[in-house]
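The values are calculated or read from the model by the stated rules, or taken from the named source; none is laboratory data. Here the structure is a predicted model, which means the values were calculated and not measured. Because the Cβ atoms are built from the backbone with ideal geometry, glycine has one as well, and the counts that use them run over all protein chains shown. Heads up: the accessible areas ignore ligands, DNA and RNA and are worked out on the full protein's heavy atoms, side chains in. Shrake-Rupley method; radii C 1.70, N 1.55, O 1.52, S 1.80 Å.
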Amino acid sequence: MNAVEERILAYMQKQRDALFELLSALVQIDSQNFVQTGREQEVQEKILQHCQALGLPAQLYVPDRVPGLTAHPGYLPGRGTDRRPNVTAVLHGTAPKRRIMLAAHADTMPVGDERLWTVPPLGGVRKNGRIYGRGAGDDKAGIAAALFTLQCLQETGVQLSDDVLFTSYADEEYGGGNGALAACLKYPSQVYVNLDGMGMAVNPWGVGGCVVEIELWTNAPVSSAWPAYEGVQVFMENLKTFSSSRYGEMARSSVYNGTEEYRDTMRIGSIAVGDNCSDLGRAKVSFVFYTLSSRQVIQQELVQLRAQVADDLKKLQMSIGEFRATSRFFQPVLPATPGTETQRLASALEEVRGKPTVLRGFCLSDLSIFGQYGGGEAFNFGAGQSFAQEGGFHQPDEYVDCQELLDEAKTLALYLIRAAT
Ligand SMILES: [Zn+2]
């Protein structure tokens, strides 16, 4: 580390309360995602004002009005992204040769059942070295870390030669993606640091996948949900073939074999049969799967699966609908080796934390969008607990560890000084 780097890290250490207060303030603004609608507007206005107060030129814009977006093959209709804004701010470099974008999503998962929380979900409570609340880790930690980093770079007078952009994008949860796509089209960059990672790992790889649902029904009226339930059993039995081919490809991947993502390769979201004595002959199954295959391969397998189930259901006097995707199809991101920028950030992280950086694959995220449509190098990085941990992403009592958050910001500063000068 050189003198400039040491000076800025010391400054960030001294100013850290400003980072923690910023994250608390962001958590206190409701920005829950409800699939077709989302409450991003207010928090994005706050972020816009914050950027302007730092003297950074910034723009608030809705994805759907970005030229080319709604006609783009990656556009997902039906998400209300004509009213769910992004914000992008620019820290202009002195002699820009390229753009580096830091990005994080402004929407959060819904709070869920408040009785499961021991702190107010939108309280931004700080205690025991943690900041609690919905979105604390996923993904307002990323927003706070990026803004604090840009502020500290300015206040210490560090001059970068390349342009650094920061985007707070809308509609990530539930496989949205239009916000990230709009950022790629409006501000194409050479590097995308998507601050939507967890556990302080760096993720050059991301799985592909999709959330799908399908309906089954009896051909004649019934007085019990039992026949439809038997139809579901037939479906589930057949689903095992599709499922084992997903687990098979994940097991063959050196990136994913034996990981948390491997365990979560195939997850059932819901199985509904009848509706409290109405619609007794109808059933619906939804599931999410991870894949390292292309959309075409998956489509073929789903067509075969459906045909097999339709055949088996005939014996039960039942029919099956078509598979319906309820998220976008995420293309996997699978570079052969981590890119130069990924490695540069990984080594900055190692210096900040004093321990080796973990490079691993990630679950579904908008890394898929940045990787596929950004036209540059993209990777995830970030603080926070994983989905299966207490206080993890999407869990009650979601939190981010203050030390991790500060280390995330310090890593970004170190990375930008080295990458953008
Ligand atoms: Zn996230």
Between Ala10 and Arg344, what FRET efficiency follows from the Cβ-Cβ distance if R0 is 22 Å, with the result rounded to 0.05?
0.55
Nearest-0.05 FRET efficiency for Val297 and Gln28 at R0 = 41 Å, using Cβ-Cβ distance, is 0.40
Let a ≥ b ≥ c be the square roots of the eigenvalues of the Cα gyration tensor of the stretch 324-421; is it rounded (a/c under 1.5), or, if not, prolate (a/b larger than b/c) or oblate?
oblate
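Could you report the stretch 214-352's accessible area per residue, 1.4 Å probe, as an integer in Å²?
I get 53 Å² per residue for the stretch 214-352.
Got a number for carbon plus sulfur as a percent of the stretch 106-253's accessible area, 1.4 Å probe? Can you show the working numbers first?
Details: 2510 of 4760 Å².
C and S fraction of accessible area: 53 percent.
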Longest principal axis of the chain (C-alpha) makes with the long axis of helix 295-314 (C-alpha) an angle, in degrees to the nearest 10, of 20
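Can you give the charge dipole size of the chain about its Cα centre, rounded to the nearest 20 debye, using +1 on the beta carbon of Lys and Arg and -1 on the beta carbon of Asp and Glu?
It works out to roughly 540 debye.
Taking all protein chains together and a probe of 1.4 Å, list Trp117, Trp226, Trp217 from the most accessible to the least accessible. Don't skip to the end; give the middle numbers.
On the way: Trp117 20, Trp226 155, Trp217 75 Å².
Reading off the accessible areas and sorting them downward yields Trp226, Trp217, Trp117.
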Angle in degrees between helix 141-155 and the longest Cα principal axis of the chain, rounded to the nearest 10
20
Distance in Å, no decimals, from the C-alpha centre of the stretch 228-248 to the one of the stretch 259-288 is 11
Euclidean distance between Cα centres, the stretch 1-36 to the stretch 85-110, Å
15
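With a 1.4 Å probe and every protein chain left in place, work out the accessible area per residue of the stretch 27-71 in Å², rounded to a whole number. Don't skip to the end; give the middle numbers.
Working: 2300 Å² over 45 residues.
Ligands and nucleic acids excluded, the result is 51 Å² per residue.
As a test of the formula, what do you get for the chain when each DSSP H run with n ≥ 4 contributes -39,500 (n - 2.57) and the sum is divided by the residue count, at 222 nm and rounded to the nearest 500 deg cm²/dmol? Before the final figure, lay out each step's value.
On the way: 11 runs with 151 residues, N = 421.
That calculation yields -11500 deg cm²/dmol at 222 nm.
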For a protection proxy built on the mean count of beta-carbon atoms within 10 angstrom, sort 128-139, 302-313, 410-421 highest first, please.
128-139, 410-421, 302-313
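So if we plug the beta-carbon distance of Arg353 and Lys314 into 1/(1 + (r/R0)^6) with R0 = 41 Å, what FRET efficiency do we get, rounded to 0.05? Don't skip to the end; give the middle numbers.
Details: r = 59 Å, r/R0 = 1.45.
Given R0 = 41 Å and the Cβ-Cβ separation, E is 0.10.
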For the stretch 270-378, with +1 on Lys and Arg beta carbons and -1 on Asp and Glu, the positive-most of Thr342, Gly375, Ser319 along the dipole
Ser319
Could you tell me how many degrees, from 0 to 90 and to the nearest 10, lie between the Cα long axis of helix 402-419 and the main elongation axis, the longest principal axis, of the Cα atoms of the chain?
70
Output the direction-averaged projected area (hull surface divided by four) of the convex hull of the alpha-carbon atoms of the stretch 113-157, in nm².
3.8
If you average the alpha carbon positions of the stretch 59-78 and of the stretch 151-224, how far apart do those two centres end up, in angstrom?
14
